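Report on the structure given below.
The values are calculated or read from the model by the stated rules, or taken from the named source; none is laboratory data. In this text, all values refer to a predicted model and were calculated from it rather than measured experimentally. No Cβ is skipped: glycine too gets one built from the backbone with ideal geometry, and neighbour counts run over all protein chains shown.
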Amino acid sequence: MCPASLSLAQRLLGFDTINPPGNEAACMQFFADWLTDNGFEVTLSAFGTDRANLIATMSGAADGMPLAFTGHLDTVPLGNQAWQHDPFGSEIDGDRLYGRGSSDMKAAVAAFALACVEQQAAIRAGRGVILLITGGEETGCDGAQALIEDGNLPEIGALIVGEPTANYPVIGHKGALWLRCETHGKTAHGAMPELGINAIYLAADALGKIRHFSPGAPHPLMKHPTLNVGRIQGGLNINSVPDRAAFDVDIRSAPNLQHATIRQQLSDFLEESVQMTTLVDLPAVLSSAENQWVQSIYRLCQTRFDQPLEARVVPYFTDASLLLPALGNPPCIILGPGEPSMAHQTDEYCLLSKLSEAEQLYAEIIGEWMADGKRSPGMATF
Ligand SMILES: [Zn+2]
């Protein structure tokens, strides 16, 4: 069956929103026009040259908090390998819709937008929906940060993040703490190294130590926090003693760990030869599996799976890291049609069957939210 949201997904995939640099504004403007034509009130907000977010509202007549969906329209770069399918061509081959951002996560954005349009009557009679659409997610949730700084975030009752889970409901993800560690020495001629202090040697000493650093105790669901050194830079030429070196550390945390504590402990561990700057600071996300609304989503999703659904988390971060605290920490589910294994891959695709299924799931979730609002006006029972 052809998903109702297919043509919208294809239009979104046609825009090059590779981040960096992002350039989401044209795609965001197209989507804003589409949403306006389909009954939403839309506010576009710029956060840099050709960068934009939007908030779309479909109001309801009933009292109570609206249901919110969030998704990002930027994508990661294409990578070094050649693509067999045009990354902006929205090609279909069998059950696959190809394109950069198909799984992560333009198809999901199309699916929840379409589900809202299809459920428009229920939404109007119920508590309404909000779409929070961001740019700049892939480089550390820059768009979500800008959206929060704009100060116009609406109140919401629950949040669905359409990141790729192959329609498996997920209750959380690890946090990310990215640190730049710098060492400083003294430059000298490479033939007289005894006159200098080699910053690369200082960095190498620190790197030798950091392999033995533990960011903290394991979490029952998210297991061990991790640490990876992903980049190193130092020196200008072969025949000088380098006076600066830097390496970037990617720590993935869990809700039982505070980032400020991890940073302080790492700083103490490496001692004063290393100066530290925080590049990205995104807390972990975890909703209670016992939450009534979360349970209702498990019930709806369970009909699509043979095995009993279990409380599950994903390793990647999402805009929910920043949006949830700014929204007063409503319950949150990560649920999207994309294939988690396809995110950031060459020849990225989303399965059309999953896209259809996501449209139906989102519509059912919206239907329940609105029906619950009518049953108990003014009360957020979930
Ligand atoms: Zn994503």
Does any residue of the range 134-154 turn out to be in contact with a strand residue (DSSP E or B) (Cβ under 6 Å, 6 or more places away or on another chain) and farther than 30 Å from residue 348 by Cβ?
-> yes
Counting only residues that are under 23 Å from residue 157 (Cα atoms) and touching a Lys or Arg at 6+ places or on another chain (Cβ under 7 Å), which one in the range 17-66 is surrounded by the fewest Cβ atoms within 10 Å (Cβ to Cβ)?
-> 61
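Being within 16 Å of the ligand (Cβ to nearest atom) and among the hydrophobic types (A, V, I, L, M, F, W, C) is the filter here, so list the residues in the range 277-318 that pass it.
Those that are within 16 Å of the ligand (Cβ to nearest atom) and among the hydrophobic types (A, V, I, L, M, F, W, C): 280, 282, 285, 313, 314, 317.
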Report yes if some residue within the range 111-134 is within 18 Å of the chain's Cα centre (by Cα), buried (at least 19 other Cβ atoms within 10 Å of the Cβ) and within 15 Å of residue 18 (Cβ to Cβ); otherwise report no.
-> no
Selection status of residue 203, small (Gly, Ala, Ser), more than 30 Å from residue 286 (Cβ to Cβ), out of contact with any Leu (no Cβ under 8 Å at 6 or more places or on another chain) and part of a helix (DSSP H, G or I) = yes
Report those strands (runs of 3 or more DSSP E) wholly inside the range 212-286 carrying at least 2 residues which are under 19 Å from the mean Cα position of the chain (by Cα).
-> 244-253, 274-282
Subset of the range 295-341 [more than 13 Å from the chain's Cα centre (by Cα), in a helix (DSSP H, G or I) and of a type in the set (Gly, Ala, Ser)] = 296, 326, 341
Which condition breaks for residue 155 when tested against (1) surrounded by fewer than 21 Cβ atoms within 10 Å (Cβ to Cβ); (2) assigned by TED's automatic domain parsing to the domain that holds residue 74; (3) assigned to a strand (DSSP E or B)?
-> (3)
Which one is farthest from the ligand (Cβ to nearest atom) among residues in the range 135-152 that are at positive phi and surrounded by fewer than 24 Cβ atoms within 10 Å (Cβ to Cβ)?
-> 151
Among the candidates 144, 206, residue that is small (Gly, Ala, Ser) and in contact with a Cys (Cβ under 7 Å, 6 or more places away or on another chain) = 206
Would you pick out the residues in the range 312-333 that are surrounded by fewer than 18 Cβ atoms within 10 Å (Cβ to Cβ) and either modelled with pLDDT under 95 or under 17 Å from residue 70 (Cα atoms) (or both)?
-> 315, 316, 325, 326, 328, 329
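When you scan the range 1-101 for strands (runs of 3 or more DSSP E) that lie fully inside it, which ones turn up with 2 or more residues that are among the charged types (D, E, K, R) and within 16 Å of the ligand (Cβ to nearest atom)?
Passing ranges: none, list empty.
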Any residue in the range 344-361 that is surrounded by 19 or more Cβ atoms within 10 Å (Cβ to Cβ), assigned by TED's automatic domain parsing to the domain that holds residue 146, within 16 Å of the ligand (Cβ to nearest atom) and assigned to a loop (DSSP other than H, G, I, E, B)?
-> yes
